[in-house]
Amino acid sequence: MKNFALGVLLLIAVFSFVACDGEDKKYQVSHYFDNSEQDTLLTNIVTYIYKVPRGVDPKKKFDLEYRKLYVGQIKNFEFLNYFIDQDSTHYFQLIRPARNEKGYKRGVLGKFKLGNDFELIDFEEIANTPMLPVDEIKEKGSYLWKDLMYFKNLDRYFLNKEYVEFPDDRARYDKVKNEWTYEKL
């Protein structure tokens, strides 16, 4: 009887591990894209969310002649989570560089639709975390990601500065300009 109970417990543990592993894979960018495609996708996202290279007119940051500047930056970014919803909305969470003395980074969550040749359509940064150590971004980011997957928004974290720096009561993401702005709607 002890062996039977032990066998059942072992079977449950293995099943739980496999089920959790499948859930984790569902949120890995590698579940959807090979390495080359991931680099292309990340470069396209970086072009939207990262600073405009020195000397480049912000209106021209998407021009092909500047792409190599963004390609050179992707090594500083890391996908944490990725998911494609039933309506073809792509959700992402990544870690990006942030300018600060402590070497902290920033978490970013966003969404878009994917067009031809990995063109990002209807791109939106949903939230940016404060500048934090990477471990803290991952820990707090797991709560943000779960909310984003369940509610498709992060409304519960609005004005919670420990988790979300932007948006706040003054800043919002402008989908036309593709940047955070303090301009009123």
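Some points to look at:
- Where a residue in segment 37-52 is touching a residue at least 60 places away in the same chain (Cβ under 8 Å) and its partner, wherever it lies, is open to solvent by 30 Å² or more (accessible area, probe 1.4 Å) and not hydrophobic (A, V, I, L, M, F, W, C), with Cβ under 8 Å and at least six apart: ASN44/GLU119; ILE49/ARG96
- Residue match in segment 24-32 (condition: surrounded by fewer than 19 Cβ atoms within 10 Å (Cβ to Cβ), small (Gly, Ala, Ser) and in contact (Cβ under 8 Å) with a residue 12 or more places away in the chain): no
- Residue check for ASP122: more than 16 Å from MET149 (Cβ to Cβ), surrounded by fewer than 15 Cβ atoms within 10 Å (Cβ to Cβ) and either touching a residue at least 12 places away in the same chain (Cβ under 8 Å) or touching a Gly at 6+ places or on another chain (Cβ under 8 Å) (or both): yes
- Tally of residues being open to solvent by less than 30 Å² (accessible area, probe 1.4 Å), under 17 Å from the mean Cα position of the chain (by Cα) and under 28 Å from LYS61 (Cβ atoms) across segment 146-182: 5
- Screening ILE95 on (1) touching a residue at least 12 places away in the same chain (Cβ under 8 Å); (2) of a type in the set (A, V, I, L, M); (3) under 23 Å from VAL176 (Cβ atoms) shows it passes everything except condition (3).
- Evaluation of LYS75 against (1) assigned to a helix (DSSP H, G or I); (2) modelled with pLDDT under 95; (3) not polar (S, T, N, Q) (one fails), failing number: (2)
- Long-range neighbours under 6 Å by Cβ, at least six apart or interchain, first residue without any contact (Cβ under 8 Å) to a residue 40 or more places away in the chain within segment 146-164, second open to solvent by less than 50 Å² (accessible area, probe 1.4 Å) and assigned to a loop (DSSP other than H, G, I, E, B): ASP147/LEU154; TYR157/TYR163; TYR157/VAL164
The values are calculated or read from the model by the stated rules, or taken from the named source; none is laboratory data. Since the structure is predicted, the reported quantities are computational estimates derived from the model, not experimental observations. Neighbour counts are summed over all protein chains in view; Cβ atoms, including those assigned to glycine, are modelled from backbone coordinates with ideal geometry. Heads up: the accessible areas ignore ligands, DNA and RNA and are worked out on the full protein's heavy atoms, side chains in. Shrake-Rupley method; radii C 1.70, N 1.55, O 1.52, S 1.80 Å.
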